[in-house]
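See below for the structure under consideration.
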Amino acid sequence: MITLFKQNRIRKYYYLVFLPLYFTLGLLRVLKLLPKKYILFGAGGGSQFIDNSKYSYLLNKNQNNCIWITHSFQVARELKNVGYRAYLSFSIHGIYFQIFSKLAIVSHGTFDLTPILLLKVSVLQYWHGCPIKKIGVDVKNKKEKSVGDKIWGIIYKVCPHLNNYYADYFVDNSKNFNYQSSFEFGKPNYIKIPYPRLFPLYSNIKDELEIPNEQLIELRSFVSDGKKIIVYMPTYRDNPIWRRVFEEQLMNLATVFGEDDRFVFVYKAHFILTNRMRNDKSMLFQYLNPDPYPLLELSSGLITDYSSIVFDYLPTNKPLSLFIFDKGMYQNNPGYYYDIEKLFASILAYDYKDVYENIKNEIFYEKVINTEKGSIFNDLFYNTFYKQGPFDIQSIKYLLKSNNA
């Protein structure tokens, strides 16, 4: 079950009760009666410490005005235990910091924080990847709007932050600007700044950003023994029939790689999926930490499908396979922004045996397609996508100020 989306739908109803507070805070900010002091960070619908917001926070955590806000007791406790300034969104401290905030940096939407407290606070929306499959209004607009949808459309005009897609600034480094259609609500300013989450893959300071993780320690020991870590990171499938087909293919991959003792096959589920595999796990190493980027840094190859993670991984020039065994299903619902069979032809696979053979040959027999991978990436994105750039808060604030000028 996609719990994050369900939680957001439920929260919208009880946030409506606080509309008077929403407008009051907005008015006080307009009148400059509320000092704007703090920069807030949140991710994963407020339930996770992941993605661009996480690394943006870690790179700036020593600044006293940077605060992590979460809806999760567990996340707040874990971050406080390692000395980070993290507070529950509904605690006295959490509400205080949100009331006196000047910038909200989110990776999955306004519900990463408390949207009812954000009127006249600048929202910088990283989102969590440049999509292959269609998202946002590009999917919703295909469906006939119900009476409820129309009512919520009116509510969003009155209280825009209750739309999880709302942003004042939206990070998009793609050359074709997919997000201009998929996130048209609110008409944000589109800006080009690097993705902080890519630091573990492309920066030398990654060790300073890593929180201890027992599974990573175990995987590092495999690497020390000469093993090759192969990561499978598919996108989610919410249809039960699609899910059963996926589980069968997952176990096929685990088996074929497990039979080759040169590999360690690691499955990393999409973060919004809560159920774990019910199958025999003897050949399946499930990576349970919600943040995949330290894992990807250790990896020797990646298997994915319609996930945006492919764009993060392309510049590594490591072996990469797009395993699209259910292409027909995704082609019609939700559909793609790209002609994937043309664009990714050199790294596509439809059968799990081909995935294994392609990755094995590239790692051990130097059948490399680095040039093709590089050209795929360079045709789609600007260099700021993964090269070191303005990750610090002062640079981001300056950029936002320039956009306001």
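When you look at residue 222, is it under 22 Å from the mean Cα position of the chain (by Cα), within 16 Å of residue 286 (Cα to Cα) and of a type outside the set (Val, Ile, Thr), yes or no? Spelling it out, it is not the case that residue 222 is under 22 Å from the mean Cα position of the chain (by Cα), within 16 Å of residue 286 (Cα to Cα) and of a type outside the set (Val, Ile, Thr). If I filter the range 171-189 for residues that are buried (at least 20 other Cβ atoms within 10 Å of the Cβ), at pLDDT 85 or above and not assigned by TED's automatic domain parsing to the domain that holds residue 309, do I get at least one hit? The answer is yes; a qualifying residue exists. Among the residues that make up the range 345-368, is at least one of them in a loop (DSSP other than H, G, I, E, B), over 21 Å from the mean Cα position of the chain (by Cα) and either under 19 Å from residue 131 (Cβ atoms) or modelled with pLDDT of 85 or more (or both)? Yes, the range 345-368 contains a residue that is in a loop (DSSP other than H, G, I, E, B), over 21 Å from the mean Cα position of the chain (by Cα) and either under 19 Å from residue 131 (Cβ atoms) or modelled with pLDDT of 85 or more (or both).
Anything in the range 301-331 that is touching a residue at least 60 places away in the same chain (Cβ under 8 Å), in a strand (DSSP E or B), under 16 Å from residue 270 (Cα atoms) and not aromatic (Phe, Trp, Tyr)? List them, or say none. Residues satisfying the conditions are 302, 303, 304. Within the range 289-300, residues that are more than 16 Å from residue 263 (Cα to Cα) and touching a residue at least 60 places away in the same chain (Cβ under 8 Å) sit with their Cβ atoms under 7 Å from residues that are part of a loop (DSSP other than H, G, I, E, B) and not polar (S, T, N, Q), at 6+ positions apart or across chains, in these pairs: 290/50; 290/271; 291/50; 292/233; 292/268; 294/210. Right, residue 236: within 29 Å of residue 355 (Cα to Cα), modelled with pLDDT of 90 or more, within 18 Å of the chain's Cα centre (by Cα) and not acidic (Asp, Glu) or not? Judged against the criteria, residue 236 is not a match. Scanning the range 265-294 for residues that are modelled with pLDDT under 95 and either β-branched (Val, Ile, Thr) or under 18 Å from residue 78 (Cβ atoms) (or both) returns 271, 272, 274, 287, 288, 289, 290, 291, 292, 293, 294. Within the range 81-110, residues that are part of a loop (DSSP other than H, G, I, E, B) reach partners that are basic (Lys, Arg) with beta carbons closer than 7 Å, at six or more positions or on different chains, in the pairs 84/61; 100/36; 100/37.
The values are calculated or read from the model by the stated rules, or taken from the named source; none is laboratory data. Just so it is clear, the structure is predicted and the values come from calculations on it, not from any experiment. Virtual Cβ from ideal backbone geometry, glycine too; neighbours counted across all protein chains shown.
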